[in-house]
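Single-structure report; data block below.
The values are calculated or read from the model by the stated rules, or taken from the named source; none is laboratory data. Keep in mind that what you see is a predicted model, and the values were worked out from it rather than measured. Note that we place each Cβ from the backbone using ideal geometry, even for glycine, and neighbour counts take in every protein chain shown.
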């Protein structure tokens, strides 16, 4: 009896496949835990991993094991600490465990399975089922990405691409074609040999038939089982992968009516949006616009960290957005999206102008426009003006209200949730 014992040390990343299977199997539980973790942390710290807890009842599964008695042999994996012949010391303190706390005569408890997920895995679960609505394949700005696609079978290629089934099939067809005439003649000679009388007068004829039969069998055996001409290979070609162009306009109110807490919530919303766009869409541009009485296009650093303030004229941001669209992002070549954050306060005569700008010069050309009003009070003038735009463009204009920081992630998911039956 031979015994094989694996004494190799555990290599790095050997459990990666098992980890991916675990994450896929318990996706619903992990996603719920991720959502709960988001509610506990700041949005600015959202792009890091976390420790996830899952109740043990959710990960229990049936197992097969050996019954009592019988004989069985086991192969144990190697380890870093012990080899055959080492003595394992007895644990200190005896065999009994020590517990803490008071006993109870009611209720039931349940252990939790705790494990860490990486930053990439955390963001995967965070942004799952989210997408940019109504994203269409418009004009491409140059082909930048390719993908390999199967293009049939060829007779030459690299060994790594050999098609075993087609090669064996070709070899079988070749052997049949080369040996068919020999087999047919061999059957005739064997039948003729059986018909010869067992008479010494036919001994010479019998020897000639037997020699010819042996010659034909030898020729059949010399036909190679597989030849270089039989080899067939999978053929792949590199084809361009369509990439949709998209631009996201981020409009943020930084006027004096926006206190510091409101501005921080607006920044957190846009940070979440920025992470989502950069992670899920390779070909997308983001335009940052800050406004008070006047609007200005800024970079990412100034958008999130500048402390500029002033009065409130929202139409200045919409005018600037319209100008940038006309100059750099024509609607026939780009999927245009916009997200606007404000506390709803606006100059009295400016809200009707904002409504008119959206209806006539912006909404006919954009794919989706999301407006969030950050205020614990009643809806402000800008909300009521935008309500008419929502009625006219129900599928491409959406409004939500944020009262405190806990509403940011639920509102974000509501605005960008993947719609059933929508084409990505």
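So how many residues does the stretch 192-245 have that are within 20 Å of residue 156 (Cα to Cα) and not in a strand (DSSP E or B)? Break it down stepwise before answering.
Going residue by residue through the stretch 192-245, those that are within 20 Å of residue 156 (Cα to Cα) are 224-238.
Narrowing the set further to residues that are not in a strand (DSSP E or B) leaves 224-232.
Summing the residues that are within 20 Å of residue 156 (Cα to Cα) and not in a strand (DSSP E or B) in the stretch 192-245 gives 9.
Only residues that are in a loop (DSSP other than H, G, I, E, B) and either exposed (fewer than 13 other Cβ atoms within 10 Å of the Cβ) or at pLDDT below 85 (or both): list them for the stretch 157-175, please. Correct list: 158 only. For the stretch 343-351, the criterion of being touching a residue at least 12 places away in the same chain (Cβ under 8 Å) and touching a strand residue (DSSP E or B) at 6+ places or on another chain (Cβ under 7 Å) is met by at least one residue. Considering the stretch 146-156, and only residues there that are under 7 Å from residue 235 (Cβ atoms) and surrounded by 11 or more Cβ atoms within 10 Å (Cβ to Cβ), the residue that is modelled with the lowest pLDDT turns out to be 151. Filtering the stretch 280-316 to residues that are outside any strand (DSSP E or B) and under 13 Å from residue 247 (Cα atoms) leaves 281, 282, 283. Looking at the structure I just gave you, is residue 253 at pLDDT 80 or above and closer than 30 Å to residue 403 by Cβ? Taking the combined requirement at face value, the residue satisfies it.
Can you find even one residue in the stretch 230-241 that is assigned by TED's automatic domain parsing to the domain that holds residue 325, surrounded by fewer than 16 Cβ atoms within 10 Å (Cβ to Cβ) and closer than 30 Å to residue 273 by Cα? The answer is no; no qualifying residue exists.
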